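The values are calculated or read from the model by the stated rules, or taken from the named source; none is laboratory data. The model shown is predicted, which means the values in this text are computed figures rather than measured ones. All Cβ positions, glycine included, derive from the backbone under ideal geometry; neighbour counts span all protein chains shown. Each accessible area value is taken on the protein alone, full model and side chains, heavy atoms only, with ligands, DNA and RNA left out. Shrake-Rupley method; radii C 1.70, N 1.55, O 1.52, S 1.80 Å.
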Amino acid sequence: MPDGMNVDYDGLIPNNVDLNADARVKKALETWHPGYIDWWKDMGPEGFQEALVYLRTAVSVDPKGWAKFDYVRMPEYKWGILLAPRVEGRLIGFGAHKGEPAWQDIPGEYRGMLRRLMVIQGDTEPASVEQQRHLGKTAPSLYDMRNLFQVNVEEGRHLWAMVYLLQKYMGRDGREEAEELLRRRSGDADSPRMLGAFNEQTPDWVSFFMFTFFTDRDGKMQLEALAQSGFDPLSRTCRFMLTEEAHHMFVGETGVQRIIERSCEAMRAAGIDDPTDTDRVRALGVIDLPTLQRKMNLHFSLTLDLFGSEVSTNAANAYNAGLKGRYREDKLEDDHRLIDSTYPVLRCKDGAIIRDESVPALSALNMRLRDDYVTDCQGGVNRWNKVIERAGIPFRLTLPHVAFNRRIGEFAAIEADPEGRVLDAGAWAANRDRWLPTADDNLYVTGLMKPVDAAGAYASWIAAPKVGIDNKPGHFEYVKLWS
Ligand code: BYC
Ligand code: FE
Ligand code: FE
């Protein structure tokens, strides 16, 4: 078997990194573990710590069959350290060290940069669990509740993944950062999470599905970029995380799709031709499409901020150092150094949005990753629109312009409408409620969030999934609440 295929599943910390042979790191992780469990009990899914949840646990990194499904109490979930198998002879694929053997240890000069990347990545994982901790109480079905908890335990495992790297490769600094990751709290005034979107609330299930579609997709893009890393343990870690991330994206895309299906079906049954007749649509107990559009505008724009500034020396440095590549760097055909090339960047000049063709490609890497992200999002939106189209409803969801509602980067200082027209403050204030969720929208959506906990039953506003998890039948009890 190639290195890394054997998973030691019997110890306290399942792993395929031979922890037993690494007493120092094993001890550091075992010391960190109780604090993690305390954090999980305090900040993890509220009210469901005793429930038996039908979860998949990674027991192997073999692409065919890495997961085992079983009923587990979440605090007893086996959070393990799993890296994709080592590729013999792997070379650094980009930057100043292109063509050199991938590093198995941290190159001293890049310690600070790597530590920052790992800490930021690690910080988002527990943040999302904190943001979602109240949602179990209003789950629209046991199926959805189980998917929420699956996402939550895997985000917990992603924290473990970064903590392992910090503790193994960053010594004492790494152990301190690992403690800090358990100390910060999403939305806390004194000790918030590091990135903006991870301090926002996820107050209802529409937000949850939008978050897993849009924000977990930033996770996918960033992990893809880090999977290209010349620091091989980071690359292998991210490659395995990406296999889990696929499910998070599935939860988001199908969640929104099932909302759309249900809304369209109810509108048709009631003979409603105008999908913007919000009062009539809401009277049916389903979510009107304009509200979904506003929720989408919010989560898309919040997530775009996670790509950092369009023009960034941090991004250029990380690329040059061989630490963070482009999306699918290994599939791109160019010199992988980007010394003399440029990349077109949307910029804000004298209050107008222009396309600047002269930005050095190295400085434009955040913009490029964001462009790849927008393309990836558009694919999902097109699939949602197919559902609306098939139902014969005259409405289409659209991604707002990248300048809309931004707090980071070129457009932070201006206001723009969803078409990308720059607005003065008065025009923004007068129209904001057409584009972002209103107090009334939130009240309506919150009012729909009534728990449905009979096996096989679904809330009024969401369709049943086409197939069950692990091919289970429709009435399967995904969460045993009273055991
Ligand atoms: N909020 O050069 P700049 C996931 C700071 S999601 C607050 O423009 P850079 C997940 C920045 O730190 C993926 N501050 O940006 C999803 C810097 O400050 P310092 C998470 C921000 O560094 C769902 C200054 O502004 N992983 O996994 O090129 C559920 C100038 O920065 C923000 C990663 O992000 C912000 N939004 O790019 C669970 C990968 N943006 O250092 C999990 C690791 C920027 O000058 N992180 N700043 O004080 C990175 O690659 C980069 O740090 C970023 C920012 C892409 C985030
Ligand atoms: Fe994650
Ligand atoms: Fe995720």
Q.
It is to be established whether one or more residues within the stretch 21-39 are out of contact with any strand residue (DSSP E or B) (no Cβ under 6 Å at 6 or more places or on another chain), open to solvent by 70 Å² or more (accessible area, probe 1.4 Å) and of a type in the set (Asp, Glu).
A. yes
Q. From Arg268, Arg239, which residue is more than 20 Å from Leu148 (Cα to Cα) and surrounded by fewer than 18 Cβ atoms within 10 Å (Cβ to Cβ)?
A. Arg268
Q: Quick one: count up the residues across the stretch 240-283 that are more than 16 Å from ligand 3 (Cβ to nearest atom) and over 22 Å from Arg434 (Cα atoms).
A: 10
Q.
Looking only at the stretch 140-165, how many residues end up being over 30 Å from Tyr458 (Cα atoms), of a type in the set (Phe, Trp, Tyr) and away from ligand 3 (no atom under 16 Å from the Cβ)?
A. 1
Q) Would you say Asp279 is out of contact with any Gly (no Cβ under 8 Å at 6 or more places or on another chain) and either over 30 Å from Arg337 (Cα atoms) or open to solvent by 20 Å² or more (accessible area, probe 1.4 Å) (or both)? A) yes
**Q.** Pair list, Cβ < 7 Å and 6+ apart or interchain, from the stretch 339-352 residues that are surrounded by fewer than 10 Cβ atoms within 10 Å (Cβ to Cβ) to residues that are part of a loop (DSSP other than H, G, I, E, B) and not polar (S, T, N, Q)
**A.** Gly351/Ile414
Q. Which is buried (at least 18 other Cβ atoms within 10 Å of the Cβ), outside any loop (DSSP other than H, G, I, E, B) and of a type outside the set (S, T, N, Q), of Arg326, Arg368?
A. Arg368
Q: Within the stretch 409-461, count every residue that is part of a helix (DSSP H, G or I), within 30 Å of Val479 (Cβ to Cβ) and of a type in the set (Asp, Glu).
A: 1
Q. Name the residues in the stretch 166-200 that are under 20 Å from the mean Cα position of the chain (by Cα), modelled with pLDDT of 95 or more and either away from ligand 3 (no atom under 15 Å from the Cβ) or in a helix (DSSP H, G or I) (or both), would you?
A. Leu181, Leu182, Arg184, Arg185, Gly187, Pro192, Met194, Ala197, Phe198, Asn199, Glu200
Q | From Val153, Val206, residue being touching a strand residue (DSSP E or B) at 6+ places or on another chain (Cβ under 9 Å), open to solvent by less than 10 Å² (accessible area, probe 1.4 Å) and of a type outside the set (S, T, N, Q) | A | Val153
Q) Would it be correct to say that Pro63 is modelled with pLDDT under 95 and either assigned to a loop (DSSP other than H, G, I, E, B) or closer than 30 Å to Ala318 by Cα (or both)? A) yes
Q) So is Glu245 open to solvent by 30 Å² or more (accessible area, probe 1.4 Å) and either touching a strand residue (DSSP E or B) at 6+ places or on another chain (Cβ under 6 Å) or closer than 24 Å to Tyr143 by Cβ (or both) or not? A) no
Q: Could you grab me the full set of residues in the stretch 386-408 that are open to solvent by less than 20 Å² (accessible area, probe 1.4 Å) and part of a helix (DSSP H, G or I)?
A: Val387, Ile388
Q | Tally, over the stretch 107-139, of residues that are open to solvent by less than 60 Å² (accessible area, probe 1.4 Å), within 16 Å of ligand 1 (Cβ to nearest atom) and under 27 Å from Tyr36 (Cβ atoms) | A | 20
Q) Residues Thr446, Thr398, Thr438: which one is among the hydroxyl-bearing types (Ser, Thr, Tyr), touching a helix residue (DSSP H, G or I) at 6+ places or on another chain (Cβ under 9 Å) and within 23 Å of Cys377 (Cβ to Cβ)? A) Thr398
Q | All positions within the stretch 212-246 that are more than 8 Å from ligand 1 (Cβ to nearest atom) and of a type in the set (S, T, N, Q) | A | Gln228, Ser229, Ser235, Thr237, Thr243
